[in-house]
Amino acid sequence: MASKHQIMVGSVPIGGGAPVAVQTMTKTETANVGATLAQIETVAEAGADIVRVAVPREQDAEALKEILKRSPIPVIADIHFNHTLALKALAAGAHCVRINPGNIGGPEKVAQVVAEAKRLGTPLRVGVNSGSLPKHLRELEFSDPVEALVRAAVETVELMERLEFTNFKVSMKSTSVPDTIASNRLLSERIPYPLHIGITEAGTKWSGSLKSAVGLGTLLADGVGDTIRISLSTFHAEEEVKVAWEILKALKLRERGPVLIACPTCGRLQFDMDSVVAEIEERLRAYEDPIVVSVLGCAVNGIGEARHADFGITGAKDMGMIYCKGEPLRKVPTERLVEELFKEIDRYYAAGRVVQRDEQQAAAARAWLAENEDSGAMTPERMAALEAEAAKQDAEAEAVLAGAFAQGAPTADDEAGRQPPSATAAASQRVAGRRFSRR
Ligand code: SF4
């Protein structure tokens, strides 16, 4: 269930229907102000709405002041174990402070941090971690780890409410994808506060991205989760941001920059598509518009599969074609495909987002496509036509059958041996193998 409550982390709204915010965490030593700010700039450019920095020492809390002054995006101070550092981060003006009430030194210290956050109007992120659940939940953790995690989170929320503090978001961290999904679903039913979701210690760029896409994607598709962080084992925090954006774009929750569609390639591939796709992906980074660009490895299936793309290319040996919304624009030699594709895209923007079509060139491209198309291949259009024809025949057969039934219910003789009308026989053949059918 989507959260009802909204908080503001600096200028970024979290929860209560706000767009899902992308966040990441710097990997630098926070006290190294230059390096930390450089990484913050990089992640902000990649699309991070919020950034978190680790504050494990006095000098990191001290560095926060300068970082906060110069950061282009809101900064969350990440504190464990030491409530004094949390108080210092609040005093420095952090836009949010993350604490785990279970490890900050007891209820009194939690109360001190909360009182200061309340006084300053600063939100907190409060969370629980599957690795450090309170003692009284350890037994439950063995029998029902999801319920243990949720109970720990609810207890934390109740603690905040007893302290009359509601300016917070909640996170539950687990390395297990199923537990993360199940626990966040449950928690979202039990509390109205915004949820920070992530798969903790997800792994390398490859496996971590997949785990995160499965776990967070499932939750986000259900409307659960208000801010996300992808945790990857890489120094390059901007990679986490890129993955987060791909998840949000795939679910159409937010738009940012172009969307690249590329076929998986197969034995029909007729040009070096790997390098072409890589080059296109790289060059598209310079565009901010959510334009859709498609790359098909061959023209044998026509271009129907990419008919929703704003622009695209397909190739065959030494020649390729540029198309727009499923319609050919022109053909060009394969080695110039990428260059000419971007010329078309730029012409489109220069003309105020109007496609520049030369009818002669389009006709030549259409002719080339027809020559290269495989007339036997199952294009989406051909499959749709076949399915429509089969549906039509089914409907006709059903109509004949309904007429036969209207004339009276079948008798024992009918069941025993009367031959069905020919249309019924045809319909029966088409459902051969279906478990539940009339005959
Ligand atoms: S577009 Fe062509 S190369 Fe790409 S997967 Fe389809 S048939 Fe294979």
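Efficiency by 1/(1 + (r/R0)^6): what FRET value for residue 325 and residue 175, r their Cβ-Cβ distance, R0 = 51 Å, to the nearest 0.05?
E between residue 325 and residue 175, to the nearest 0.05, is 0.70.
In terms of its Cα atoms, the range 7-250 spans 47, 43, 30 Å along the principal axes, sorted from long to short. Per the Debye calculation on the range 312-377 with a single equal scatterer at every Cα and no solvent contribution, log₁₀ I(q)/I(0) for q = 0.18, 0.25 Å⁻¹ amounts to -0.63, -1.10.
Å³ per residue of the Cα convex hull, for the range 259-372?
On the way: hull volume 10.1 nm³, N = 114.
Normalising the Cα hull of the range 259-372 by residue number yields 89 Å³.
Of the beta bridges in the range 259-372, as assigned by DSSP with both residues counted there, near 60 percent are antiparallel. Here the gap between residue 91 and residue 399, fully extended at 0.36 nm per residue and compared with their Cα-Cα distance, gives a gain of 103.2 nm. Between the helical axis of 145-162 and the longest alpha-carbon principal axis of the chain there is an angle of about 50 degrees. Straightening the chain between residue 251 and residue 283 buys 9.2 nm, computed as 0.36 nm per residue apart minus the Cα-Cα spacing. Estimated at 0.36 nm per residue, the fully extended path between residue 361 and residue 84 surpasses their Cα-Cα distance by 92.7 nm.
The charge dipole of the chain, taken about its Cα centre with unit charges on the Cβ atoms of Lys, Arg (+1), Asp and Glu (-1) only, comes to about 880 debye.
To the nearest 10 degrees, how steep is helix 380-406 against the longest Cα principal axis of the chain, on a 0 to 90 scale? Approximately 70 degrees, to the nearest ten.
If R0 is 22 Å, the Cβ-Cβ spacing of residue 35 and residue 214 corresponds to a FRET efficiency of close to 0.10. Between amide H atoms placed 1.01 Å from N, distances below 5 Å from residue 292 occur with 259, 310, 311, all of them 5 or more places distant or on a separate chain. Projecting label points 7 angstrom from Cα along Cα→Cβ for residue 70 and residue 233 puts them 3.2 nm apart. Across the alpha-carbon atoms of the chain, the computed radius of gyration and Dmax are 29.3, 94 angstrom.
Could you work out the relative contact order of the range 1-111? I mean the mean sequence separation of Cα pairs under 8 Å and 6+ apart, divided by the number of residues, in percent. It rounds to 21 percent for the range 1-111. For the pair the range 118-174 / the range 252-303, the C-alpha centres are spaced 43 Å from each other. Figure legend: label point modelled 7 angstrom from the Cα of residue 207 along Cα→Cβ; residues of the range 162-177 with amide N under 15 Å from it are 175-177. For the range 259-372, the relative contact order is 21 percent, taking Cα pairs closer than 8 Å that sit 6 or more residues apart in sequence and dividing their mean separation by the residue count. Under 15 Å from a label point set 7 Å out along the Cα-to-Cβ vector of residue 1, the amide N atoms of the range 124-154 belong to 154. How high is the relative contact order of the chain, given as a whole-number percent (alpha carbon pairs under 8 Å, six or more residues apart)? For the chain, the relative contact order is 11 percent.
May I ask which of 249/325; 4/27; 135/205 have a Cα-Cα span longer than 24 Å here?
Result: 4/27; 135/205 exceed 24 Å.
For residue 154 and residue 349, a Förster radius of 51 Å and the Cβ-Cβ distance give a FRET efficiency of 0.50, rounded to the nearest 0.05. Between helix 83-92 and the chain, what is the angle of the helix's C-alpha long axis to the longest principal axis, kept within 0 to 90° and rounded to the nearest 10? Computed tilt is about 80 degrees. Sorted largest first, the principal axis extents computed over the alpha-carbon atoms of the range 1-146 equal 46, 36, 29 Å. Every helix of 4 or more DSSP H residues in the chain counts as -39500 (n - 2.57), and over all residues that averages to -14500 deg cm²/dmol at 222 nm.
Throughout, read-outs are computed from the coordinates displayed, never taken from laboratory work. Quick caveat, the model's predicted, so the values are computed rather than measured. Here Cβ is always computed from backbone atoms with ideal geometry, including for glycine, and neighbour counts include all displayed protein chains.
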